[in-house]
1. When both residues are 6+ apart or on different chains and their Cβ atoms are under 6 Å apart, which pairs have a first residue that lies in the range 220-238 and is open to solvent by 10 Å² or more (accessible area, probe 1.4 Å), and a second that is more than 16 Å from ligand 2 (Cβ to nearest atom)?
2. Pull up the range 368-393, narrow it to residues that are modelled with pLDDT of 70 or more and open to solvent by 80 Å² or more (accessible area, probe 1.4 Å), then point me to the one that is nearest to the chain's Cα centre (by Cα).
3. Can you tell me which of (1) closer than 30 Å to residue 286 by Cα; (2) modelled with pLDDT under 95 is the one residue 79 doesn't meet?
4. Restricting to the range 262-302, name every residue that is in a loop (DSSP other than H, G, I, E, B), in contact with a His (Cβ under 9 Å, 6 or more places away or on another chain) and within 14 Å of residue 16 (Cα to Cα).
5. Could you run through the range 239-255 and say how many residues are within 16 Å of ligand 2 (Cβ to nearest atom), open to solvent by less than 30 Å² (accessible area, probe 1.4 Å) and out of contact with any Asp or Glu (no Cβ under 8 Å at 6 or more places or on another chain)?
6. Among all residue pairs at least 6 apart or on different chains, which show Cβ distances below 6 Å where the first residue, located in the range 269-280, is crowded, with 16+ Cβ neighbours inside 10 Å and the second is modelled with pLDDT under 90 and in a helix (DSSP H, G or I)?
Amino acid sequence: MYSCGPTVYESAHLGHYRAYIFVDTLKRVLSFNGLKVRSVMNITNVGHLTSDADVGEDKVEKAAREKQMSAWDIAEYYTKDFFDAMQKLNVERPDIVCRATDHIEQMIELVQKLEEKGYTYRTSDGIYFDTSKFAGYPDFARLNLQHLKEGARVEPNPEKRKPSDFALWKFSPAGTKRNMEWDSPWGVGFPGWHIECSAMSMHYLGETFDIHTGGIDHITVHHTNEVAQSEAATGKKFVRYWLHNEFLMVNGEKMSKSKHNFYTLVDIEAKGFNPLALRYLFLTAHYRSKINFTWKSLEAAEHALNILREHIIELKGSKNKESEGREKVESYRTKFLEAINDDINTPAALSTLWELVHEKDVDNRSKLELLLKFDEVLGLGLKDVKQKEEQELNDEIRGLIKNREELRRQGKYSETDEIRKRLDKEFNITVEDTPEGTKWRFKVRKN
Ligand code: AMP
Ligand code: ZN
């Protein structure tokens, strides 16, 4: 499977994470079914223009100019930033991560192939794909080309024969030196954004491969163009199955950089949320449904996740050994499998998980085993729950709790209260004084 990766010119936002948590879930579902998956994701570090079409500045070069850094450094910085976030969201690294700039040779070869077959033409600013030569061009997105106009805010390029034609190779603007540019048979320049994905996916997965993913915004242009240029070059079917995720919205609009209505993982963490609460939130909706992001919904997701974690801790501590309710266990396993195999129905999978949590007729050990098995698909980090809590309860917290207990015994209640406040504020821990002694737990955020 191949997934269109991020364009690395600034931090990704929560909408991007929806796309990549979906990709990760899809891969986990395939593996859960016993399939061997080879997953590829690209890093777009060159060629994605500010207009998302063939005009405007290269997003990475623009960020480099504004931040007075080299385009190479900007791209590496935000690539690392992206994977750091992915790790926090429990997204497994794809088997192959490929940077566009490492595959210029394959891109040039693909353009040459298209040129040999007569699909290209030259303008003053680049080499273009002639969409009128590829009969099936509108089929992929069921486009009505009559109505297809270049974006209203974008200067139409008068040299293009049709608005749907797109750049395969762009020349470096005369008189300027880009940070990223390469020699080619047509002149110094850089690849178009679409050719990158065709060249890299076919390089790693062959001319026909199984699955390609991306957000629904890619259907009409980016993926339509990928199909056209790939199939024109090889004469073969490019991709067997396309899976497109719906958007994360804010107040009814797509969360996006250009609308300035986005939040990042830093925003989430600054408010004290566990990044995995975001993952939980995304799993509560089907990938082809829109999600409207609100802080309330994130709070509800974190609340549910915390309760789930508490159940796991309890089950881990349970001594129950006998194996009861095997038949029930099998029926839950089947129900879960049916949900995830029904076009990745994660809301149904989650509801099966909760049914199992509350099931009385399955012994604790089998229940825990099966919940952890489900989590191989859901990726909520349940396996690590206990250990993580122990880690987080570092020496400082342990010292504070001990100290507090001592002060309480001595009747120094105002100092005891100070420590309680500190544990609450700094460590998100609630303490409760009971006849059996002090009990503590990680706080569940209140709405
Ligand atoms: P980009 O870096 O803009 O190419 O986007 C990377 C991926 O994130 C693409 O597959 C987009 O479709 C997806 N994406 C961008 N914004 C959103 C959003 N608000 N909700 C879901 N997916 C998104
Ligand atoms: Zn792509």
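The values are calculated or read from the model by the stated rules, or taken from the named source; none is laboratory data. Model, not experiment: these values are computed from the prediction. Please note: Cβ atoms are built from the backbone with ideal geometry, for glycine as well, and neighbour counts cover all protein chains shown. Surface areas here come from the heavy atoms of the whole protein model, side chains and all, with no ligands, DNA or RNA. Shrake-Rupley method; radii C 1.70, N 1.55, O 1.52, S 1.80 Å.
1. Listed pairs, sorted by first residue: 234/207; 236/207; 236/208; 237/208.
2. 376
3. Unmet for residue 79, out of (1) closer than 30 Å to residue 286 by Cα; (2) modelled with pLDDT under 95: (2).
4. Within the range 262-302, 262, 263, 264, 287 qualify.
5. 3
6. Matching pairs, first to second residue: none at all.
Yes or no, residue by residue, for (1) buried (at least 16 other Cβ atoms within 10 Å of the Cβ); (2) within 16 Å of residue 28 (Cβ to Cβ); (3) at pLDDT 90 or above:
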{"residue": "300", "(1), (2), (3)": "yes, no, yes"}
{"residue": "303", "(1), (2), (3)": "yes, no, yes"}
{"residue": "315", "(1), (2), (3)": "yes, no, yes"}
{"residue": "322", "(1), (2), (3)": "no, no, no"}
{"residue": "336", "(1), (2), (3)": "yes, yes, yes"}
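Residues checked against (1) open to solvent by less than 40 Å² (accessible area, probe 1.4 Å); (2) within 15 Å of ligand 2 (Cβ to nearest atom); (3) in contact (Cβ under 8 Å) with a residue 40 or more places away in the chain:
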site	(1), (2), (3)
26	yes, no, yes
34	no, no, no
48	yes, yes, yes
58	yes, no, yes
66	no, no, no
